[in-house]
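Here, each number is a calculation from the coordinates, and none is a lab measurement. Being a predicted model, the structure only gives us computed values, none of them experimental. In this analysis, Cβ positions are derived from the backbone assuming ideal geometry, glycine residues included, and neighbour counts consider all displayed protein chains.
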Amino acid sequence: MNKNIERPIAALTMFTKLPLWKIFPNISAESYRHVVTWWPFAGWFTGAFCGGLYLLFSLRLPAFPSALLAVGGRLMLSGGYHEDGLADFFDGLGGGTTKEKILTIMKDSHIGTYGVIALIMFICTLVSLVSSLQPEMGALMIICADPWSKFCSGRMLSFLEYARKDGAAKNLAAYPRPSAKDTCIALCFAAIPIILTCFYQTQLILALICGITASCIVSAFIFILMKKKIGGYTGDCCGAVYLIAELAFCLFFTMLHQ
């Protein structure tokens, strides 16, 4: 199979619970090493699924339960893969005082107090932001924020080294530093939903620009923090930065839209 077909399928297989591995059982290990490039492409599916559910449930339910079910639906589609990273990230930074201790806590499968608080705060804040908007606006916000935040998180591979000395991630995938071509591919998939939304709802341009800027700034700040604390990144950091960047996007989008 052509690598340009294999790699997006590998990304969907890794970052969602879609059973594509049953249809495409022979995806190469090399394709899985490049899934971060196609991560925003997977965001098309998770973002559209969440936004679509919000629109659907809003037909018969109030905004808050509709948003809660939509965010929960996306969590089910992704398998909680990124939320697990968020919890481990906060457990590590909250409970560790040295690089070795932080990395050990992050690798521990148990969840601690910091992780629980982080998950509760993230879900409650995201649901509140989505439900504060009209269904169409809330859906468009998630559809744009999801792939863009994944693009922001993926840039850590360009600026940071893998933090663990053994170089072995928990998912046994060692990601290479993205090339300029890989970065352009990821940027295209991240930007297309935003560009289409700008044409569809021109009044959202300023809110989208503010969301984009906020997610980029927050991601850069966390990259600096990761460099200082653990000397690089881990897989948990990727999931954590994605969700935090998405929250920053939605927060500033909502502030400007309101």
What nm distance separates the two modelled labels at THR97 and ILE5, each placed 7 Å from Cα along Cα→Cβ?
5.7
Those lysines that a straight Cα-Cα span of less than 23 Å connects to LYS17, excepting residues fewer than 8 apart in one chain
LYS3, LYS107, LYS150, LYS170
Between segment 13-66 and segment 78-115, what is the C-alpha centre distance in whole Å?
24
Answer in debye to the nearest 20: the dipole magnitude of the chain about its Cα centre, from +1 Lys/Arg and -1 Asp/Glu charges placed on Cβ, is 420
Unit-weight point scatterers at every alpha-carbon of segment 37-164, Debye formula, q = 0.13, 0.16, 0.18, 0.21 1/Å: log10 I(q)/I(0) is -0.61, -0.85, -1.00, -1.18
By count of other Cβ within 10 Å, fewest leading, how are MET137, MET226 ordered?
MET137, MET226
Working out 0.36 nm times the residue gap between ILE23 and ILE192, then minus their Cα-Cα distance, what length gain in nm do you get to one decimal?
58.1 nm
Among TRP148, TRP39, which comes first, second and so on when ranked by fewest other beta-carbon atoms within 10 Å?
TRP39, TRP148
Contour minus Cα-Cα span, ILE209 to MET76, at 0.36 nm per residue, comes to 44.9 nm
If I model a spin label at SER158 and LEU59 as a point 7 Å from the Cα along the Cα→Cβ vector, what separation in nanometres do I get?
4.1
Helical segments meeting 15 Å axial Cα length and Kyte-Doolittle 0.0 threshold in the chain (DSSP H)
3-15, 39-58, 63-78, 113-131, 135-154, 180-200, 205-230, 235-257
Quick check on the chain: helices-only [θ] at 222 nm, where DSSP H runs of length 4 and up contribute -39,500 (n - 2.57) each and the sum goes over total residues. Nearest 500, please.
-24500 deg cm²/dmol
Spelling it out for TYR162: with amide H atoms placed in the peptide plane at 1.01 Å from N, the residues 5 or more places away or on another chain with amide H under 5 Å from its amide H are TYR233
Percent relative contact order of the chain, based on C-alpha pairs within less than 8 angstrom and at least six residues apart?
26
Using only the alpha-carbon atoms of segment 4-72 as identical scatterers, what base-10 log of I(q)/I(0) does the Debye formula give at q = 0.23 Å⁻¹?
-0.87
Which of SER153, SER219 has the fewest Cβ neighbours within 10 Å, and the rest in rising order
SER219, SER153
Show me the ranking of peptides 190-203, 53-66 by mean Cβ neighbours inside 10 Å, starting with the highest.
53-66, 190-203
